[in-house]
Amino acid sequence: MLNLTNARRIGIVGGDLVGWLAAIELRRVFEPDVDVTVIETPELFSFGLGEGGSRNLVDTLCRNELDLDIFVGEAGATYKLGVLYDNWRGGGISDRYYRLFCGPGIPEIEWRVDGFFPLLSARIAMGEDLHTCVPGFDAIARHASQKDIERLLATGQSGLCRSYHFDAEAFERYLKRVGLSRGIIAHASAVCGMRLDERGCVRSLHLDGEQLEVDFVIDASGFARLGLGSVFGTRWRSFANTLPTDRAITFDLEPSEMCPDPVTRLTAMKAGWMWEVPLNRKITAGYVFSSRYADHAIAVAEVEHRLGHRVQPKHLLSLDQGYFETAWVNNLVALGTASGFVEPLDAALATHTFEQLRNIGRVLTNGGGVVPAHTIEAYNSANARSWTGVRDFLRLHYDCKRNDAPFWRDIAAAELPGGYAELRACFHKRTPRWIDIQPYVGSGWQALFHQLDWISVAASLGVVPAKAARAELRRLSAESRREVQAYLDLLNGTMSRHLPPSGWVH
Ligand SMILES: Cc1cc2nc3c(=O)[nH]c(=O)nc-3n(C[C@H](O)[C@H](O)[C@H](O)COP(=O)(O)OP(=O)(O)OC[C@H]3O[C@@H](n4cnc5c(N)ncnc54)[C@H](O)[C@@H]3O)c2cc1C
C-alpha cells in the first residue's frame, strides 16, 4: 500500500512540458499545504520539440483549468483537426488520405450494427475516401482561416473535435507561469541521485549540494531516465524490431501564404517519413528515418529534393523506441520520455503521456491518497497494454504496400509483432472493431486511438480490402442492405466519380 495521506513534499524531476503539466495536475490533486516542487536544470538539453497536439490535449488542459484561449495565445497554438498522410501508398499527386479527429455529427458513424459502421463499410467497399464524409472536411480542404474553423467548430455540426499544434517551448513557459501562480515551487538544480529507504521508496532527491526530502516523485527527466533507468534499473521493452526508425533530423520551414493547415502532414520518404506542423509564423518539420538506409547527409538531401529548396537542420537525434515494463515503482512514477518513447507519428507519445497523467491523478484522487499495491500493478499493466496498442497502431502505418525503396521492401518482408499480425488477419476479413482495440485498454484507461482511427488508416492503406467490407455488409439484414444501397445511390448521384451500378451488396 502507498499511503500519501500525510505526504508533505512532492518532487517532480525535470521541468519541461511534461514536468510542469504533472506539477499542475498534482497541485490540483494534493491539498494546498503540500509542497509541489519542480526541479529543473536549464543546462541540460531540452527535448521539447513536440508541437503536434493529440486528441486528449484539450481534456488535459480543461481538467487542469487551463483556459483554452489563453493557451492558444501563449503557446502560439493553431487548430489541429487531424493528420494528412502523403505518399504512403506508392506516391503520386493523389496519394493522400486523412485521419480526422471525428466527433458527433457524422451520419455515417451514427449508424452502427454489430460493432461496425455499415455506411463506412459501403464506402470502403466502393473504394471511396472516408474523410470526405466528415462535414467539416471541406474547411480543411480549402485551407480555412483559424477564425472560420473556430466558427465551424462552434456550430457543433462539423463532425470534428479540436486539438492544437503548438510551440512546445512557449507552451512550457505558459505552464510554468501558471504553475508558479498556483504555488508550485521551481528549484533550479540537477538531480544527481535518489536515496531509497529499506522498502525501496524514494525518501530524498540528491540535488547540487543539498537533499530534498520527498514523499512522492514524478520522474519527468526525459531521456535521462533517472528513476526507472538509473535508480531502479527497470526492464526495458524495445520496439526496435517492430518500428523501423531510429534517427531524426529537425528543421523549420517558411509558412505557406495560405492559412496554417489544421492538420499535421506526414509524408512517407525513402527511409522513413517527414512531419510538418503548421504554426502561425513557421512550419516545424523533421524527417524520422532508419540509420540502416540513410544517414544525416542523405536524409537532408532527400528532404531538399522533395521540398525543392535548402533546409537548415537543427538537431540530429537518435531514437530508441520502447518502454519501461514498470512505470510506477513504490512512490515514483515516470512520465513521458522518462517512461518510454515512440517516434512522433500521430503524436502517440504525447497522447500516451496525457493518459498516464490522467490516470495518476484519477488513482490518487479516487483513492483519497491511499493506493493499494494491486492498483499500482493495474496501472503498470494498463500502461504496458497501452504502449502495445501504440506500437501496433504505428506498425499499421508501415503496412502500406510501398515497394519503391529498400526500406519499404524490407518492412513489407519483416515479421510482424504478434498482436498486430493477428489484427491484420482480422482486417482482411472485416473492418476494425472496438473488440480489437479493447485489449489495449484496461483498469480505467482510455483508448489512445479509437476504432475510427484504426479504420481510417487500415482502410486507406488497403489493409482492409474492399472485399472484406463487402463481406460484412452481406451479413446485414435485407432492410439494412436496402438502406446501404440507398446511401450509395445517393453518393452515386452526388459525387462526381462514377460508382459501379447498384446490386453490389448481394
Ligand atoms: C523528433 C521528435 C519530434 C516530436 N514531435 C512531437 C510532436 O509533434 N508532438 C508531440 O506531442 N510530441 C512530439 N515529440 C515528443 C515530445 O518532444 C516529447 O513528448 C516532449 O518533449 C516531452 O518530453 P519530456 O518532458 O518527457 O522530456 P524532455 O522534454 O526531454 O524533458 C526532460 C527534462 O528533464 C530535465 N532533466 C533531465 N535530467 C535531469 C536531472 N538529472 N535533473 C533535473 N532535470 C533533469 C531536462 O533538462 C528536461 O528539461 C517529438 C519528439 C521527437 C524526438
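Spacing of the modelled spin labels on LEU317 and GLU415, each 7 Å from Cα toward Cβ, amounts to 2.9 nm.
On the basis of the beta-carbon distance and an R0 of 45 Å, GLU479 and GLU422 show a calculated FRET efficiency of 0.85.
Taking the longest Cα principal axis of the chain as reference, the axis of helix 296-307 is set at about 40 degrees.
If N is the number of residues in segment 430-472, what value comes out of its Cα radius of gyration divided by 2.2 N^0.38 Å?
The reported ratio for this selection is 1.27.
Provide Rg over Rh for segment 235-351; use the alpha carbon set for both Rg and the Kirkwood Rh (inverse mean inverse pair distance). Rg/Rh: 1.03.
If the segment from ASP67 to ARG203 were pulled out straight at 0.36 nm per residue, it would be longer than the present Cα-Cα gap by 45.4 nm. One equal scatterer on each Cα of segment 24-132, no solvent, Debye formula: the resulting log10 I(q)/I(0) at q = 0.16, 0.23, 0.24 Å⁻¹ is -1.01, -1.35, -1.37.
Could you tell me what fraction of 2.2 N^0.38 Å the Cα radius of gyration of segment 297-408 comes to, as a two-decimal ratio?
Normalised Cα radius of gyration, segment 297-408: 1.43.
Computed from the C-beta positions of ASN403 and SER238 and an R0 of 25 Å, the FRET efficiency is 0.40 to the nearest 0.05. Projecting the Cα positions of PRO255, VAL288, GLY233 onto the charge dipole of segment 228-315 (unit charges on Cβ atoms of Lys, Arg, Asp and Glu, taken about the Cα centre) puts GLY233 furthest along the positive direction. Projection of the Cα convex hull of the chain, averaged over all directions and equal to a quarter of that hull's surface, yields 24.0 nm².
With all pairs of different alpha carbon atoms counted, what Kirkwood hydrodynamic radius in Å does segment 123-253 show?
20.6 Å
Normalised by 2.2 N^0.38 Å, where N is the number of residues, the C-alpha radius of gyration of segment 205-304 stands at 1.53.
Listed by chain and number, the lysines placed with their C-alpha closer than 26 angstrom to that of LYS270 are LYS282, LYS314, LYS401; residues fewer than eight positions away on the same chain are left out. Based on the Stokes-Einstein relation at 25 °C and a viscosity of 0.890 mPa s, and on the Kirkwood radius from alpha carbon pairs, segment 71-182 is assigned a translational diffusion coefficient of 151 µm²/s. Between helix 348-366 and the chain there is an angle of about 60 degrees, using the helix long axis and the longest principal axis of the Cα atoms. For segment 384-440, the average shadow cast by the Cα convex hull is 4.1 nm², which is a quarter of the hull's surface.
Solvent-accessible surface of the chain, averaged per residue with a 1.4 angstrom probe and all protein chains in place: 42 square angstrom.
Of the accessible area of segment 213-263, computed with a 1.4 Å probe over protein heavy atoms only, carbon and sulfur atoms account for 44 percent.
For HIS143 and ARG362 in one chain, what is 0.36 nm times their gap in residues minus the Cα-Cα distance, to one decimal in nm?
75.0 nm
The values are calculated or read from the model by the stated rules, or taken from the named source; none is laboratory data. Because the structure is predicted, anything quoted here is derived from the model rather than measured. Note that we place each Cβ from the backbone using ideal geometry, even for glycine, and neighbour counts take in every protein chain shown. Quick note on the areas: whole protein, heavy atoms, side chains included, nothing else; ligands and nucleic acids left out. Shrake-Rupley method; radii C 1.70, N 1.55, O 1.52, S 1.80 Å.
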